[in-house]
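Coordinate-derived values only; no laboratory data. Note that this is a predicted model, so its numbers are computed, not measured. Neighbour counts are summed over all protein chains in view; Cβ atoms, including those assigned to glycine, are modelled from backbone coordinates with ideal geometry.
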Amino acid sequence: MSFDGLFTKAMTEEIASLLKGGRINKVHQPYKNEVILVVRAGGKNHKLLLSAHPSYSRVQLTEESYENPKEAPMFCMLLRKHLEGYTIEDIYQYELDRMIIFEVKGRNELGDVSQKQLIIEIMGRHSNIVLVDKERKMILDSIKHVSHAVNSYRAILPGQEYKAPPAQEKNNPFEANEDEIRKNIDFNAGKLDRQLVAHFSGVSPLVAKEAVYRAGLANSTTLPSAFLRIIQEISEQNYAATIKQDGNKEVFYMLSLEHLNGNQRTFSSLSEMLDRYYFGKAERDRVKQKSQDVERFISNEIEKNSKKIGKLERTLKDTERGEQYQLFGELLTANLYQMKKGMKEIEVVNYYDEEQSMVTIPLDPLKNPSDNAQKYFSRYQKSKNAVGVVQEQIEKTKLELAYFEALHQQLLSASPRDIEEIREELQEEGYIRQKKKKGMKKPANAKPQLETYYATDGDLIFVGKNNKQNDYLTNKFARRDEIWLHTKDIPGSHVVIRNETPSEKTIKEAAVLAAFFSKAKQSSSVPVDFTQVRHVKKPNGSKPGFVIYDQQQTVYITPDADTVICLKEAVKD
């Protein structure tokens, strides 16, 4: 647990130093559990993200762009009514809990002074954002409603009195001394990190393990000293916003974590660190929820076509026995005089074999000798005709499988807007039924929105995130002499550099984008082809997003999220 009470303290200090005294100009709710406040403070607009996401709950300043829905949710409308134009008078943490309270003041629609509290509870799946009328201590609304049937201690519902979560009755680490730590810790019982978590508020297992590690041979002398040194660093705001690799996952904190051995990156602020840490993570989760039906359909199609190819290949193997059926028919025709109706098999000489070996041929006892021979000739003719048909079916099914595998890869890097385009494509191709939508229709000539990046030397780089975008980018948007990139024989995005003679560095940066938005995202030394757009062709009747190309060169690239972020941030600058 990285976003513990101590981290909440540090984040509260960071936000308060920038936003205290600022004015809330705009309120947005881009997603079900997340709110964006645009605050004007210090002559600059700041975007404050408040998230009650069950897995990614947090409060931070952000530079990320969020796409707002056409119609604002009811909670967003209520926040706009009560917060827009209001001043943030104070920002503070509730005790050492994962709760941040914003005290706001302004004038209501009657012109009277009104004071509100915006309370963010960062508690995993129990996270919430609650707007409270300060004078009446009454809940105006919350992003999640919680009844007494769900929580017997308190209800989070409009009209209810706001009640803070139950106190944990732990010691305040900022008021502790070594003697108090010794009194609370049983050094003979072991599991010292768990004991620190159990007795001191705001302390997560992550910090407790760090204290035990820094203590070395942890005992009644070294552990209290190591723990208090960490608390002193936090008290003095000696923060080092870091992300460290812990095996296959990343861990963030506002201190350098010495007990983890992975690579470490340091950032200038906690918010910048969280933007990097959550880059793509939260959006992947939102996309997954929005695309469950599409992902399920695509996965089923991949499984269905994989099984079909296996079945067709087994059928093709069976058709290879056609020559044996022809041999049996000819040998039976030559030996009709030896056969009688009712025989189950016959052993004859194989005249086509140099060694004149004997061959046993199964017979149908209900057929006469001539019909048995004719049966094998019919099987031969059927298998002969089937070979071409089966081979054709295998090729078609392989193309179908490649198409759905490419769609599956596109889902992994899709934004919510991209999901709708993938769904539209499946409807247009006749795979799924088109649902009638109420409201405004999408214009027939609407152009797909491409992902835009800037190379280090200023060249624009465009990326298609799905087949509609890929077709538009390559076949309509790109100019003939510009440079086009794609991973070699690997499903991925089309990438175009808006320059006919880009530098080698720009080509490599564009290749990083092509590799990052491909099925080989987690691989190293990924081959990426590049050529002029004029050498890229879309065959007639081919699936969306499919092209062939020639006169290409190849570079080998290891995908890097940090490079992608830097190229994206250049657009914001």
Here is the link list: Lys311/Lys398; Lys32/Lys144; Lys304/Lys396; Lys105/Lys134; Lys26/Lys105; Lys465/Lys519. Which ones come out longer than 20 Å on Cα distance?
none
What 222 nm value per residue comes from the helices of the chain, counting each DSSP H run with n ≥ 4 as -39,500 (n - 2.57) and dividing by all residues, nearest 500 deg cm²/dmol?
-12000 deg cm²/dmol
Scan segment 108-186 for chymotrypsin sites (Phe, Trp or Tyr not before Pro) in coil per DSSP, keeping those whose Cβ has at most 16 other Cβ atoms within 10 Å, and list them by number.
Tyr153
Final fewest-first order of Thr242, Thr8 on the 10 Å Cβ neighbour count is Thr242, Thr8
How many angstrom separate the Cα center of segment 103-149 from the Cα center of segment 31-97?
13 Å
Name the shape class, rounded, prolate or oblate, that the alpha-carbon gyration tensor gives for segment 92-181, where a ≥ b ≥ c are the square roots of its eigenvalues, rounded holds for a/c under 1.5, and otherwise prolate holds if a/b is larger than b/c and oblate otherwise.
oblate
Going by average Cβ neighbours within 10 Å, how do the peptides 453-463, 300-310 rank, with the highest at the top?
453-463, 300-310
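Once you keep just the Cα pairs under 8 angstrom separated by 6 or more residues, what percentage relative contact order results for the chain?
In percent, rounded to a whole number, it is 7.
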Any idea what the relative contact order of segment 5-142 is, in percent, if you count C-alpha pairs under 8 Å spaced at least 6 apart?
23 percent
Cα gyration tensor of segment 138-285, axes a ≥ b ≥ c as square roots of the eigenvalues: rounded (a/c below 1.5), prolate (a/b > b/c) or oblate?
oblate
Report the Stokes-Einstein translational diffusion coefficient (µm² s⁻¹, integer) for the chain, Rh taken as the Kirkwood radius over Cα pairs, at 37 °C with viscosity 0.692 mPa s.
112 µm²/s
